[in-house]
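The values are calculated or read from the model by the stated rules, or taken from the named source; none is laboratory data. In this text the structure is predicted, and so the values were computed from the model without any measurement. Methodologically, a virtual Cβ is constructed for each residue, glycine included, from the backbone with ideal geometry; neighbour enumeration extends over all protein chains shown. Side chains included, ligands, DNA and RNA excluded: accessible areas come from the protein's heavy atoms. Shrake-Rupley method; radii C 1.70, N 1.55, O 1.52, S 1.80 Å.
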Amino acid sequence: MKSTKEALLEELLAHPGEDCSGQVLAQRLGISRAAVNKGAAALKEEGWQITALPRRGYRLEAGSDALTPQAVEACFPEGSPFARVVVLREVDSTNEEAKRLAAQGAPHGTLVIAGAQTAGKGRRGRRFESPPGGVYFSLILRPALAASQAVAVTGSAAVAVRRGVQALCGKELAIKWVNDLYYQGKKVCGILTEAATNFETGQLDYVIPGIGINVFTRPQEFGPEVSRVATSLYPSGHSPVGRVALAAAVAARLLEMCPSFDYLEEYRAACFVPGHWVTVQAAGQEPYTAQALEIDDQGRLVVRLPGGGVTALSYGEISIRPAPLEP
Ligand code: BTN
């Protein structure tokens, strides 16, 4: 049995950005106007952006959602696919929080979402800027997979981000090997996958893909250095899509891909790197220039080295560079 607040939210969610008469809402829900008012106030308390319009009723602002587990549930009227949902206004890092929960036995399908991170982690020990215009989330997965197959989880996460953003925002993202998503030539999303292995079986105990999407961060909120290379889906600062809704849409698509993690075809089609000259930075090596050829069947980037040899990179950092001049 739905509470008044839940029933009111359902009505308002059916008409985002529209004025809904208080009287009509009261009639539809079979409650008094005072009860509608009380329900709207309770929803505002949770963070939903509801504007009370004198004599015109109530409006749920487009793209509004609350940083609450209920906002995730509201995205799945047929039932949430997640075993457990934790939503935090701010956390050190959703990956760290997910690892803490996994260590306490949190089940497969536990989703941790935050509106900001104070110690967001990027790849290669870097910091990941995590201001409140983005959404940051980590999903605990416990597939029966060998640790060596974890790379498919990151690739699948990139594909799930593309699918979620395309479905909710109608925007096409490109993939930069290995795990960055680009919009209009700049990075809008980064992925960091962490895992724990059972040493006796060699199987994953858990794997946690952590995803950060810049949703409506304005360029000035990144700082000058980051804003040269990063952007957000809605750099004007106004998003018609809620952050929790976007995180839930992506995480649900990723959960659905588990355990087959069948991502390669879509990943290859969206990856813009093959065909370019790149600078490769691999841990403990001097950067070098190579020509990117293709993504192979294991998700590795195949490159031609300056001496003519061909090698496949499993990990590393690349940047696109202009083709060298002919001698
Ligand atoms: C990168 O681009 O270097 C990877 C960035 C990954 C960021 C996400 S945000 C959610 C999760 N929590 C973290 O601390 N990092 C990942």
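Using the structure shown, decide if Pro131 is farther than 24 Å from Ser239 by Cβ and assigned to a loop (DSSP other than H, G, I, E, B).
No, not satisfied.
Please go through the stretch 134-156 and give me each residue that is farther than 30 Å from Ser236 by Cα and crowded, with 22+ Cβ neighbours inside 10 Å, ordered by number.
First, pick out the residues of the stretch 134-156 that are farther than 30 Å from Ser236 by Cα: 140-153.
Those that are farther than 30 Å from Ser236 by Cα and crowded, with 22+ Cβ neighbours inside 10 Å: Ile140, Leu141, Ala152, Val153.
Which residue out of Gly39, Gly79, Gly22 is at positive phi and not aromatic (Phe, Trp, Tyr)?
Criteria check complete, one pass: Gly79.
Tell me the residue from Pro240, Pro235, Pro274 that is modelled with pLDDT under 95 and in contact with a Lys or Arg (Cβ under 9 Å, 6 or more places away or on another chain), please.
Just a single option satisfies the conditions, and that option is Pro235.
Cβ-Cβ below 6 Å, separation at least six or inter-chain, first residue in the stretch 113-130 and modelled with pLDDT of 90 or more, second assigned to a strand (DSSP E or B) and more than 9 Å from the ligand (Cβ to nearest atom): which pairs?
Ile113/Val87; Ala114/Leu88
Tell me yes or no: at least one residue of the stretch 214-230 is open to solvent by less than 60 Å² (accessible area, probe 1.4 Å), without any contact (Cβ under 8 Å) to a residue 24 or more places away in the chain and over 15 Å from the mean Cα position of the chain (by Cα).
Checking the stretch 214-230: at least one residue is open to solvent by less than 60 Å² (accessible area, probe 1.4 Å), without any contact (Cβ under 8 Å) to a residue 24 or more places away in the chain and over 15 Å from the mean Cα position of the chain (by Cα).
Give me the pairs, please: first residue somewhere in the stretch 18-32 and under 8 Å from Gly57 (Cα atoms), second residue anywhere and among the β-branched types (Val, Ile, Thr) and outside any loop (DSSP other than H, G, I, E, B), beta-carbon distance under 6 Å, and either six or more positions apart or on two chains.
Gly22/Val36
Quick one: what pairs do we get from the stretch 160-186, first residue over 21 Å from Cys258 (Cα atoms) and without any contact (Cβ under 8 Å) to a residue 60 or more places away in the chain, second β-branched (Val, Ile, Thr) and not in a helix (DSSP H, G or I), C-beta under 6 Å, 6+ apart or different chains?
Sorted first by the residue in the stretch 160-186, then by its partner, the pairs are Lys186/Thr231.
Tally time: how many residues in the stretch 303-327 are more than 26 Å from the chain's Cα centre (by Cα) and either in contact (Cβ under 8 Å) with a residue 24 or more places away in the chain or more than 21 Å from Arg124 (Cα to Cα) (or both)?
Residues that pass the stated criteria total 16.
Every residue in the stretch 73-112 that is touching a Phe, Trp or Tyr at 6+ places or on another chain (Cβ under 7 Å) and away from the ligand (no atom under 16 Å from the Cβ), please.
The answer is Gly109, and nothing else.
Out of Arg55, Arg59, Arg127, Arg28, report the one residue that is open to solvent by 40 Å² or more (accessible area, probe 1.4 Å), within 16 Å of the ligand (Cβ to nearest atom) and among the charged types (D, E, K, R).
Arg127
Tell me, which strands (runs of 3 or more DSSP E) wholly within the stretch 1-118 include 3 or more residues that are touching a Lys or Arg at 6+ places or on another chain (Cβ under 8 Å)?
Qualifying strands (runs of 3 or more DSSP E): 50-53, 110-114.
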